[in-house]
Amino acid sequence: MFKNIFLFFFTLSLNLLAYINIYPITFDKPIDGNGSKEEFILYNKTKNPIRYSISLNDTGIKNSMKEWVEYYPKNITVKPGKSEKIKVFIKAPKYAQKGEYLTTLEIKENLVPSLEKTPPKNGVQILTHLKMDIAGFIGDIKPKFKINNFSITPSNKNLNVKGSIENIGERRGKVDIILTNGSKRDEYLLGSIRVLKNEKIDLSKLSHELENKAQEKKIKSYKKLIIREQGSNRNITEILL
């Protein structure tokens, strides 16, 4: 039945998730003490069942936590229009040193045998292979962010953002970038960004259209920029504009 069918595997990075629908795409939790768990949801938006095999890989990773990871199942079939869970639990041994640790969660699509006797018309079936790095950390380590040359220019119902954000801390983090005058009731979310350890990101990607002139006027009144960590809701950095 599988004669003359060519199989192609596409390895996907996190910005190409159109082929494998999964949420969340991060772990970023403490793995010391009692450890942490996460459920990753696989969605099948196609009209055919999709079969996946799940595995771990630590090739090229310096601080690997592969041996500390428990996950289930190893193989999974997602019916059309349905979803299934991949359950992950990570607990570091007591002797492990503080720091950020990584492993790669690999989700590989497998060929599902068809009851039809005829192969695909073009003789080609594309199978996807997602490699998703997940991170955990040990100890009271935190991301630390540095903002460089930041400026905002609201004009003609557009908000132009300039500058960069750099993570000079000990682990990755996801933050909200907020304009404020000091009250949580009066804040404007510029956007959310996940920044890896030692990574630097151009903030111009946060530029966007404004709804109206009133919003443009309001943004001109803000005097402070806040970098707030998601999850802990902790203000990491505050800058006067």
* **Every residue from region 93-135 that is touching a strand residue (DSSP E or B) at 6+ places or on another chain (Cβ under 8 Å), at pLDDT 90 or above and not in a strand (DSSP E or B)** => A96, Q97, K98
* **From the options I90, I54, I50, residue that is surrounded by 15 or more Cβ atoms within 10 Å (Cβ to Cβ), at pLDDT below 95, among the β-branched types (V, I, T) and assigned by TED's automatic domain parsing to the domain that holds D133** => I50
* Taking V88 and the conditions (1) within 24 Å of S232 (Cβ to Cβ); (2) not in a strand (DSSP E or B), which numbered condition does it fall short on, given that it satisfies the others? -> (2)
* To do: For region 28-36, indicate whether the set of residues that are in the same structural domain as E100 (by TED's automatic domain parsing), more than 20 Å from G99 (Cβ to Cβ) and touching a Lys or Arg at 6+ places or on another chain (Cβ under 9 Å) is non-empty.
  => no
* Find the residue count for region 39-85, including only residues that are of a type outside the set (G, A, S), part of a strand (DSSP E or B) and free of Cβ contacts under 8 Å to residues at least 60 places away in the same chain. => 16
* Structure fact -> The strands (runs of 3 or more DSSP E) lying entirely within region 164-218 that contain at least 2 residues which are in contact with a Gly (Cβ under 9 Å, 6 or more places away or on another chain) are 173-180, 187-195
* So which residues in region 124-146 are surrounded by 16 or more Cβ atoms within 10 Å (Cβ to Cβ), over 25 Å from N21 (Cβ atoms) and not charged (D, E, K, R)? -> F137, I138, P143, F145
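The values are calculated or read from the model by the stated rules, or taken from the named source; none is laboratory data. On a predicted model such as this, the values are computed, not experimentally measured, just so you know. All Cβ positions, even for glycine, are placed from backbone atoms using ideal geometry, and neighbour counts span all protein chains on display.
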